[in-house]
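One structure is given below, encoded as structure tokens.
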Amino acid sequence: MCVNKFIPFTGKDNMKPAASPKRFLLLHFNIMLFSVTGIFSKLAANSINEVGLFHINTVIFAGLMLLNCAVYALFWQQNLKHFDVNVAYAHRSVYNVWSLLWAVLVFSEKLTVGNIIGTVLIIAGILVMQSE
């Protein structure tokens, strides 16, 4: 006989213990890994513009992008075992911070006041979600 128990939705998964600092570090490493997909994507797009769709450089960058997405997806699923979904997705917003960092360091793009304000708001949002 199967017994279904009604558990009211509280917005938190009470079945999971609090995540350790090591788990948060792994979560953020995984998010950083995913942000590298943006680098490969932009390199592939630049390669298409410069040498065409079927050039070896374009194929390599597109392949690295897909491989990176696959690795990220595997690790993301493992991370979700240790976090409430709302916490994990709030931290995923750090992707924007990493993307901004890669834009400046890898592609020599200019940092604007709007970029900085947006980044501060993202970090503040993560801290608010974490404090609940």
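Brief remarks on what is shown
- Scope the stretch 72-111; condition out of contact with any helix residue (DSSP H, G or I) (no Cβ under 7 Å at 6 or more places or on another chain), modelled with pLDDT of 90 or more, among the aliphatic types (A, V, I, L, M) and surrounded by fewer than 17 Cβ atoms within 10 Å (Cβ to Cβ); matching residues: ALA73, LEU74, LEU101, VAL104, LEU105
- Scope the stretch 112-127; condition at pLDDT below 85 and either exposed (fewer than 11 other Cβ atoms within 10 Å of the Cβ) or within 20 Å of LEU43 (Cα to Cα) (or both); matching residues: LEU127
- Search result, residues across the stretch 52-88 that are part of a loop (DSSP other than H, G, I, E, B) and either touching a residue at least 40 places away in the same chain (Cβ under 8 Å) or among the basic types (Lys, Arg) (or both): LYS81, HIS82, PHE83, ASP84
- Breaking point among (1) touching a His at 6+ places or on another chain (Cβ under 8 Å); (2) modelled with pLDDT under 95, for PRO8: (1)
- Residues considered: SER20, SER41. Of these, the only one that is out of contact with any strand residue (DSSP E or B) (no Cβ under 6 Å at 6 or more places or on another chain), of a type in the set (Ser, Thr, Tyr) and modelled with pLDDT of 95 or more is SER41.
- Restricting the stretch 22-56 to residues that are touching a His at 6+ places or on another chain (Cβ under 9 Å) and not hydrophobic (A, V, I, L, M, F, W, C) leaves a set whose member that is farthest from VAL71 (Cα to Cα) is SER47.
- The set of residues from the stretch 88-121 being of a type in the set (A, V, I, L, M, F, W, C) and within 13 Å of the chain's Cα centre (by Cα) comprises ALA88, ALA90, VAL94, VAL97, TRP98, LEU100.
- Breaking point among (1) under 17 Å from LEU26 (Cβ atoms); (2) under 13 Å from the mean Cα position of the chain (by Cα), for GLN130: (2)
- Filtering the stretch 42-85 to residues that are more than 19 Å from LEU27 (Cα to Cα) and touching a Ser or Thr at 6+ places or on another chain (Cβ under 8 Å) leaves ALA44, SER47, ILE48, VAL51, GLY52, HIS55, ASN57, THR58, PHE61, MET65.
The values are calculated or read from the model by the stated rules, or taken from the named source; none is laboratory data. A quick note: this is a predicted structure, and the numbers were derived from the prediction, not measured. With ideal geometry, Cβ positions are generated from the backbone for all residues, glycine too; neighbour counts draw on all protein chains shown.
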